[in-house]
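*Asks:* Supplied in structure tokens, the structure appears directly below.
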Amino acid sequence: MVPDLRLPLVKQLAEADVPHRFWHTADPGGRVWLFESVEGDGEHWAIRQIEVGADRVAHRYWWGRLQDDRGFLTDQPLEIWELTEITEAAFEAVWAAA
């Protein structure tokens, strides 16, 4: 198995002493995504992500679990103008429940 080269970068971003922001988006089919991001090089990078499918099953991704057979932590900068900012408490509540 080839090691995921994103792991050191995502872990470094997650542990950086920089402001964290929290986001939400959904599609018409009922899927929901939540992200925790930090800014790096002028872009927002996801360091934690929750995807809730239409079946209401949640999948969590972070540096400790970058992917599984259902999905993966996005490897592209977030397009924050397409997202709705949410509170840290809202994100953490879903993270804990997932």
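*Asks:* Just give me the residues in the stretch 17-50 being over 8 Å from the mean Cα position of the chain (by Cα) and without any contact (Cβ under 8 Å) to a residue 24 or more places away in the chain, in sequence order.
*Replies:* First pass over the stretch 17-50, keeping only residues over 8 Å from the mean Cα position of the chain (by Cα): 17-32, 38-45.
Scanning the stretch 17-50 gives Asp17, Val18, Pro19, Ala26, Asp27, Pro28, Arg31, Val32, Glu39, Asp41, Gly42.
*Asks:* Continuing with this model, one more query. Looking at the structure I just gave you, is Val18 in a loop (DSSP other than H, G, I, E, B), on the phi < 0 side of the Ramachandran plot and in contact with a strand residue (DSSP E or B) (Cβ under 7 Å, 6 or more places away or on another chain)?
*Replies:* yes
*Asks:* Just give me the residues in the stretch 60-71 being free of Cβ contacts under 8 Å to residues at least 60 places away in the same chain and touching a Lys or Arg at 6+ places or on another chain (Cβ under 9 Å), in sequence order. Don't jump to the end; show me each part of the working.
*Replies:* Here is the first cut: in the stretch 60-71, the residues free of Cβ contacts under 8 Å to residues at least 60 places away in the same chain are 60-65, 68-71.
Across the stretch 60-71, the qualifying residues are Arg60, Tyr61, Trp62, Trp63, Gly64.
*Asks:* Determine which single condition Val57 fails, assuming it passes every other condition in (1) in contact with a Ser or Thr (Cβ under 7 Å, 6 or more places away or on another chain); (2) of a type in the set (A, V, I, L, M); (3) free of Cβ contacts under 8 Å to residues at least 12 places away in the same chain.
*Replies:* All conditions are met except number (1).
*Asks:* Residue check, Asp75 against (1) exposed (fewer than 13 other Cβ atoms within 10 Å of the Cβ); (2) at negative phi, all met but one. Which one?
*Replies:* Going through the list (1) exposed (fewer than 13 other Cβ atoms within 10 Å of the Cβ); (2) at negative phi, Asp75 breaks only (1).
Here, each number is a calculation from the coordinates, and none is a lab measurement. Note that this is a predicted model, so its numbers are computed, not measured. Glycine also receives a Cβ, built like all others from the backbone with ideal geometry; neighbour counts cover every protein chain displayed.
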